[in-house]
1. Could you please report the charge total around K273, scoring K, R as +1 and D, E as -1 over all other residues with beta-carbon less than 13 angstrom from its beta-carbon?
2. Given H placed 1.01 Å from N in the peptide plane, which residues other than close sequence neighbours of V542 have an amide H under 5 Å from its amide H?
3. What size of dipole, in debye to the nearest 20, comes out for the chain about its Cα centre when the only charges are +1 on Lys and Arg C-beta atoms and -1 on Asp and Glu C-beta atoms?
4. Relative contact order for the chain: what percent, with Cα pairs under 8 Å and sequence separation of 6 or more?
5. Quick one: work out Rg over Rh on the C-alpha atoms of the stretch 632-781, Rh as Kirkwood radius.
6. Step by step: find N for the stretch 570-647, compute 2.2 N^0.38 Å, then divide the Cα radius of gyration by it. What's the final number?
7. Among V429, I177, G25, pick out the residue whose Cα is farthest towards the positive end of the charge dipole of the chain, where Lys and Arg carry +1 and Asp and Glu carry -1 on C-beta, about the Cα centre.
8. Can you work out the FRET efficiency for the pair V706 and I383, with r the C-beta to C-beta distance and R0 = 51 Å, to the nearest 0.05?
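The values are calculated or read from the model by the stated rules, or taken from the named source; none is laboratory data. On a predicted model such as this, the values are computed, not experimentally measured, just so you know. A quick note on method: Cβ atoms are made from the backbone with ideal geometry, for glycine too, and the neighbour counts reach across all protein chains shown. Ligands, DNA and RNA are excluded from the accessible area calculation, which covers all protein heavy atoms including side chains. Shrake-Rupley method; radii C 1.70, N 1.55, O 1.52, S 1.80 Å.
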Amino acid sequence: MIKNYLTIAWRNLVKNRASSFINIGGLAVGMAVAMLIGLWIWDELSFDKYHQNYDKIAIVMQSETANGDVSTGATISLPLDAALRKNYGSDFKHIALSSFPEQHVLNVGEKNVAYQGSFMGAEAPEMFTLKILAGKRDGLKDQSSILISQSVATALFGSADAINKVVKLDNKDSFKISGVYEDLPANTTFHDVAFIGPWDYYINVPDNRRSPTDWGDNSLFMYVQVADNADMARVSAKIRDIKLNNMAAEDKKYKPALFLQPMSKWHLYSEFKNGVNVGGAIQYVWLFGIIGIFVLLLACINFMNLSTARSEKRAKEVGIRKAIGSVRGQLIYQFYCESMLIAVLAFVASLVLIVLILPYFNEVADKQLSILWGNPAFWLAGIGFTLFTGLIAGSYPALYLSSFRPGKVLKGTFKTGRFAAMPRKVLVVLQFSVSVVLIIGTIVVFKQVQYARNRPIGYNRSGLVDIEVTNDDLHKNFTALSEDLIKCGAVSQIAESSSPTTGVNNNRGDLNWKGKDPSLSDYFGQVYVSMGYGKTVGWQFVDGRNFDRRFTSDSSAIVLNEAAVKYMGLKNPVGELIQVGKKSLTVIGVIKNMVMESPYDPVKQTIYRIGRGAYDHVLLRINPNSSAHDGLAKIAMVCKTYSPSVPFSYKFVDDEYARKFTTEQRVGSLASGFAVLAIFISCLGLFGMASFMAEQRTKEIGVRKVLGATVFGLWGLLSRDFVKLVLISLLIAIPTAYYFMNNWLQHYTYRAGLSWWIFAATAVGAILITLATVSYQSVKAAMMNPVKSLKTE
């Protein structure tokens, strides 16, 4: 019986090639989109699950209150380590402090390679269950040992054994390689960590030393693994007030509250507002999951529409089958077999599409997804997915077509009725409503990115280059380096700073000034700069002047941004004395706000002062009279002269600033791709419906032409119904899109508005797309010779 059903199904597919192509093509595209999104969601949900102790690992975070606002961060102070071990040792299986991941140069003989690495406590490799390929996992107990990834081992030693070999860090201190671990996958928090150095070494480097009793210095990370029998929420509640109870009385106004953020929430629930976790990347998981469901639904709608639209052509078949004894159940099985056959063919076609699209998708999504051909779970999911799609797509046609009464059908009195087309119209409205919402959403995302990108940033990014320094070679020779770079014509300005231009690495809260409100809890960004920093980045002064070498007193001077002046409430800031820690600094200038952190948030109050120690960044402005390519080549040669052991590495500030928009741009690009596919699927359905309607109204069109109707008039007649449906879908989609996109924009403090032209342009575009889709069939039918359409069979 099933063989008979499949044979009939195949004959119907071959007989109606156009509608079969539309059905299979539409379903294939819908299934491909759904499966791509499924792979992306799986990758997101499996983030960090590489680590076997995933459910027990957490990072210690803290919330602090200043002026009624609660800020949450992942950095903690050194004394917390001893406090946890002493008072709550039984609640933890592992505790490991960690530095911020930074780039360092690993030297072996003549080889110098730059990689990002962290310094971690000895328990970290066991906690994170690193897969050791050679050596041992507990090597960090020796502060002269280091663990490196497989890719680093290959870069330094090729195929030779790396264990017990000696490597220099930043061409200074030597370490013995005690272990080689498997490269961490892309969907882990630590995937960029190419080596792990010993914590005991890091904390004893003079620049990194921390006081074991200073609870106010928040500059370290702490990872913990709770005990096997411990509940993470209860442990989190236990440690809440440790810092508050140990802080100096004057610092307790910040009301620090510690808590454990489970590893399962690091990636998807990383956003905090006013001390409350408000989500994060999980919103995009939901967003794309819904998009995937709707795109697949659009493809299923096409199948339903075309199947029910051709109902009159299959009415006689149903009538004859019922007359010779077929029961309704058998007919339902037959139509389900047809939909299953189409679903199977569409699944095969979708796999081909995925293979073709996946490289591009990975590039846009910044993923390393692949089809799991050898995984039985993938095929089981694929089969289940196909069955589900077949059942959804074939449900309405099966139930509708099998309900025809044989008596009326065979007498020729069967009519589908005035309201028979209503379900199809509802489905078309639903299709275009979804498509329009996607289009509006995509435009809003890109508009928000563009709005933030065009925000005044308070400095000139053009031609600005950032070199992150890994040792003090460039700093010690900075005067000679500056002279050589300017002399060779590659650079017009050069300076040093403690932070990159696109970030603030240091903050402090011990500032005092005249008229300060005693209840005010201050929290300022602090950037140490060299004398030429302002000219190099292009500071825009509102008041006062820049740092100047001619004034020796500028070593005790300070420059404020506008946000700092407003925060302090200073009316005439230039000349004011600001107490920073134990030092009094004189305000010599006020600059426009530099957007150094998130371009979507207000600029933080920041102070700029002359530093005396080694800086972390060298900033260069390439000479505008020379090409960037030639300039960088000359810069590399000069830098090599003063720091021969460090590979020349640089970043354009323009590129670094652009990376701040990566997430939104990636979401916008993916959403726009899915929106295009949704429109494509919807247009396929419209094309099929238009073809069928033109075929059904052939005689009517012939009569109208004989009576004098024009081609334009007939085109309008055939297109009018579809335009009405699209207008209805616009009435549904526009308020829906406004509601959701307005809520999405609330995540950003600095945000674009929902301009009327977005909705108007989308509406016009949807109507034009509809007319373009149905016009071919409408014009073709209108131009047909009425003699042919009116002759009897």
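1. On the way: positive: none; negative: D69, E271, D601.
For residues surrounding K273, the net value is -3.
2. Residues meeting the criterion, in which the H sits 1.01 Å from N, are V590, I591, K592.
3. On the way: 82 positive and 62 negative charges, 911 e Å.
Roughly 4380 debye, rounded to the nearest 20.
4. On the way: 1323 pairs, mean separation 122.3, N = 793.
This gives 15 percent for the chain.
5. Working: Rg = 26.6 Å, Rh = 20.4 Å.
Here Rg/Rh amounts to 1.31.
6. Details: Rg = 18.5 Å, N = 78, 2.2 N^0.38 = 11.5 Å.
Compared with the compact-globule rule of thumb, the stretch 570-647 sits at 1.61.
7. V429
8. Numbers: r = 55 Å, r/R0 = 1.07.
Efficiency, from the Cβ-Cβ distance: 0.40.
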